[in-house]
Amino acid sequence: MKMNIPLMGTLLLVSLIVCPLLYYYMGPALDDSQMAVLKTLGTICALSAAFCFIVGELTGNNSQMDKLWSILPIIYCWIIAANGGFATRLVVMAVLATLWGARLTYNFARKGAYRLKFWEGEEDYRWAVVRSGPAFKKRWTWTLFDLFFISIYQNALVLMTTFPALVAMKSDAPFGWVDLVAALLMLGFIIWETVADEQQWAFQTRKWAMIGEGRKLEDLPAPYNLGFNTSGLWRYSRHPNYFAEQGTWAAFYIFSIGAGMGILNWSVIGALLLMVLFQGSAALAEEISSGKYPEYEAYCKKVSLFIPGKKYE
């Protein structure tokens, strides 16, 4: 399995260089109270990165960050809201982040990701595929990837997605129509992703139940015999959940516009980098599916990657 190492390096470079440049040239500048909050969030982020790396290396389960991905934004947003005097905009942002996180945590939990022994649980199947790639034949190369990308970069990215709340923390602008649009969009994307995940869960559960009965994949009734979901939202988009996830945090950024920070400000960096990350995630998922299911390439030719488009027939 090929892994786009140049893309991973580019992501790190963009984070380290572009984000400070956007902050310097675009503003808004953070005041002392916002910087204090950022230091608190940064400390949590650093501790999380250390935890993910140490536990991941000791156990061989590299889904430690996957477990925290849906939880950390909730913590970050409520810390910001508390320090912002629980202003209406910040509370709405925190509530929506909580809804998003609760849904995603549930979806990951039912796949067996969480255990009382927190270092255990089911690992995302894609990490095993990536580890087996030629780029990581030497153990130390995987250790570096685990440290810099899985642990440090992903934790930093999760923190950056909540930056719109941080820049809105000291806003004097009242909660207005732009904020309402942002809230409705974010809620809509959360619902969309919920539906997509439920449809995928139902499809895969039924498929594996029939296979568990001793039936071969090719002998299953349509559309289960394809091996991959082509029903519901998946009929119009190959990754409707990824589409909604990106839309969720793009909508979250709109709150910073409602807070009077301008149409384009540096807090957009989290949403932009998340979109870049999903390009890589989708490419990996597509490569895996194409290798497993003969009809997947035909599906790719008929249905768009993210944005719902042509219907699969």
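Leaving out same-chain residues fewer than 8 places away, which lysines sit with a Cα under 17 Å from that of residue 111?
Residue 111 reaches 67, 207.
Using the heavy atoms of the protein chains and a 1.4 angstrom probe, tell me the accessible area per residue for the chain in square angstrom.
48
What is the magnitude of the charge dipole of segment 110-233 about its Cα centre, with +1 placed on the Cβ of each Lys and Arg, -1 on the Cβ of each Asp and Glu, and no other charges, expressed in debye to the nearest 20?
600
Let me have the relative contact order for segment 28-185, percent, based on Cα pairs under 8 Å that are six or more residues apart.
38
So which lysines can residue 39 reach, going by Cα to Cα under 20 Å and dropping same-chain residues fewer than 8 places off?
Filter leaves 170.
Given axes a ≥ b ≥ c from the Cα gyration tensor, I'd like to know whether segment 33-105 is rounded (a/c under 1.5), prolate (a/b larger than b/c) or oblate.
oblate
Positive end of the dipole of segment 208-313, charges at C-beta (+1 Lys, Arg; -1 Asp, Glu), about the Cα centre: which of 298, 222, 262 has its Cα farthest in that direction?
262
List the trypsin sites (Lys or Arg not before Pro) in segment 175-223 that DSSP assigns to loop (not H, G, I, E or B) and whose Cβ has at most 12 other Cβ atoms within 10 Å. Which are they?
Within segment 175-223, the qualifying trypsin sites (Lys or Arg not before Pro) (loop, at most 12 other Cβ atoms within 10 Å) are 216.
Please give the charge dipole size of segment 190-302, origin at the Cα centre, charges +1 on K and R Cβ atoms and -1 on D and E Cβ atoms. Round to the nearest 20 debye.
Once rounded to the nearest 20, the dipole reads 160 debye.
Mind ordering 182-190, 108-116 by average Cβ neighbours within 10 Å, highest first?
182-190, 108-116
Setting aside same-chain residues fewer than 8 positions from residue 138, which lysines have a Cα under 16 Å from its Cα?
Filter leaves 2.
The values are calculated or read from the model by the stated rules, or taken from the named source; none is laboratory data. What you see is a predicted model; the values in this text were computed from it and never measured. Cβ sites come from the backbone with ideal geometry, for glycine too, and all protein chains shown count toward neighbours. Areas reflect the complete protein model, heavy atoms only, side chains present, ligands, DNA and RNA absent. Shrake-Rupley method; radii C 1.70, N 1.55, O 1.52, S 1.80 Å.
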